[in-house]
Amino acid sequence: MAMTRSIEEAGRSFATPAAYTDETRLHEALALLRRESPVHRVDVPGYNPFWAITRHADVLEIERRNDLWLSAPRPVLRSAEVDAALDERRAKGTGLKTLVHIDDPEHRVLRAIGADWFRPKAMRALEVRVRELARRHVDRMAEHGGSCDFVQQVAVHYPLYVILSLLGLPESDFPRMLRLTQELFGQDDSRSRRGGAAQHHTSVLDDLFAYFRELTAARRATPTGDLASVIANARVDGEPLSDFEAASYYVIIATAGHDTTSSTIAGGLEALIRHPAELRRLREEPGLLPLAAEEMIRWVSPVKEFMRTAAADTHVNGTPIGKGESVLLSYPSANRDEDVFAEPFRFDAGRDPNRHLAFGSGVHYCLGAALARMEIRALFAELIPRLDGIELDGEPVWLATTFVGGLRSLPVRYRLR
Ligand code: HEM
């Protein structure tokens, strides 16, 4: 009976933003579910019911079957209230319709518009700019004179600079974008709320749409050879994207490319501070950096979940799931699965192989994965050789969110050359 109760409690974590502020407890809950109830029904007040999927193999199989498991209409876990508000917007044609919200054949066509900008060849062209931005941000850390909140003063700025440079937005607009993307993703965190949850969500979306509508008009009038111009002037079946489709495209790129990477960089630094032998290893063997970046991504798993909805009656790992029911894919859990990772709770800067699912898998596999990897490597390639000692300067604080998150604050003390 006690066990049953704790499994039920573990299941409630997915719908409890505060559960993500205590990593130790969260991972205990996820490990329990993987062991005892890997396909677990969660039915809690305030949320439409769903099934939590915690094993690596099951997450992988669901992502592979994109004909059976659809992203629409519920790609992400939201409260029932926000689900209803979004359904209403969708019915009126004013809902967010980004790559993560849609399925084939429409998904394939829209994804192709931006895909070239994220391939390795395009990434190589961007590398000089990313390295320059990495240097600028490590310099900024040095300017803070030996202590700072690494999240607020370094990690949240750098990926946003990269992504907004790629889109082609002016630096003067960056602070506004920073605020809006944090409001959209940090929506569960009461510190940054605009009214109730549904009101907050639609109000932030309205602001983002307004900004991007102006951008589309400007880039249609004068294309400037950046990603924003490609999106503004894209044609599908000979027709330009609607304002909403174009705005949705910018929104997914600006938002998906930001908090995910900054959380990984901050969580990666925290891991190196807590595992000084791994930091020493990286200093002595800089060639390990690509593997270390991969391990940081697995370790942090900044995207906590995406969802899929069954297009037909089916089953997962023997559990029947009805048409129209939704599953939540727990990436942090899949990435600590004992069946796949040797010593999953050890941060191993040289982990190889590392078959983590932090970028998802299948047709929705993260479009920005190559960019994220390059950004993480560039930052640590700049930081590690210049670091002459670093330690925590207070307790790190995690963001309360069920979707994209990680550290909200990482106070550090250091000597930088
Ligand atoms: C999709 C993770 C960085 C753009 C996704 C998905 C995950 C993810 C889990 C959904 C995959 C699925 O459903 O199978 C991450 C992580 C990042 C990161 C962990 C950093 C460490 C970025 C960056 C960009 C980006 C830098 C830059 C633009 C996107 C886009 C999608 C996506 C556009 C939607 C793809 C689609 O649905 O076809 N990401 N991401 N992400 N990501 Fe990332």
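The values are calculated or read from the model by the stated rules, or taken from the named source; none is laboratory data. These numbers were taken from a predicted model, which means no experiment stands behind them. Note: ideal-geometry Cβ built from the backbone for every residue, glycine included; neighbour counts use all protein chains shown.
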(request) Sort out which residues of the stretch 50-79 are at pLDDT 95 or above, in a loop (DSSP other than H, G, I, E, B), more than 19 Å from residue 333 (Cβ to Cβ) and not basic (Lys, Arg), and write them in order of number. (result) 66, 67, 68, 71
(message) Within the stretch 136-226, considering only helices (runs of 4 or more DSSP H) that don't extend past its boundaries, which have at least 2 residues that are at pLDDT below 90 and more than 30 Å from residue 417 (Cα to Cα)?
(response) 174-185, 197-221
(request) Hey, can you tell me all the residues within the stretch 80-115 that are without any contact (Cβ under 8 Å) to a residue 24 or more places away in the chain and not in a loop (DSSP other than H, G, I, E, B)? (result) 87, 88, 90, 91, 92, 106, 112
(request) Test each condition in (1) away from the ligand (no atom under 16 Å from the Cβ); (2) aliphatic (A, V, I, L, M); (3) more than 30 Å from residue 413 (Cα to Cα) for residue 100 and report the one that comes out false. (result) (1)
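Taking into account only those residues within the stretch 307-363 that are under 30 Å from residue 282 (Cβ atoms) and among the aliphatic types (A, V, I, L, M), which is nearest to the ligand (Cβ to nearest atom)? Break it down stepwise before answering.
Going residue by residue through the stretch 307-363, those that are under 30 Å from residue 282 (Cβ atoms) are 330-361.
Next cut, among the aliphatic types (A, V, I, L, M) only: 334, 340, 342, 349, 357-358.
Values: 334: 10, 340: 17, 342: 22, 349: 16, 357: 8, 358: 4 Å.
Per the criteria, the residue is 358.
Test of understanding: among 385, 344, which residue is part of a helix (DSSP H, G or I) and over 14 Å from residue 264 (Cβ atoms)? Let's see the steps before the verdict.
Working: 344 fails: part of a helix (DSSP H, G or I).
On inspection, the qualifying residue turns out to be 385.
Give me the helices (runs of 4 or more DSSP H) completely within the stretch 250-337, filtered to those with at least 2 residues that are in contact with a Leu (Cβ under 9 Å, 6 or more places away or on another chain) and among the aliphatic types (A, V, I, L, M), ordered by residue number. Full working, then the answer.
Numbers: elements: 259-274, 276-284, 289-300, 331-334.
Answer list for the stretch 250-337: 259-274, 276-284, 289-300.
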(request) Looking only at the stretch 323-343, count how many residues are surrounded by fewer than 19 Cβ atoms within 10 Å (Cβ to Cβ) and out of contact with any strand residue (DSSP E or B) (no Cβ under 7 Å at 6 or more places or on another chain). (result) 5
(request) Of the conditions (1) within 16 Å of the ligand (Cβ to nearest atom); (2) buried (at least 24 other Cβ atoms within 10 Å of the Cβ), residue 245 clears all except one; give me its number. (result) (2)
(request) Mind counting the residues in the stretch 116-135 that are closer than 30 Å to residue 67 by Cβ and assigned to a helix (DSSP H, G or I)? (result) 5
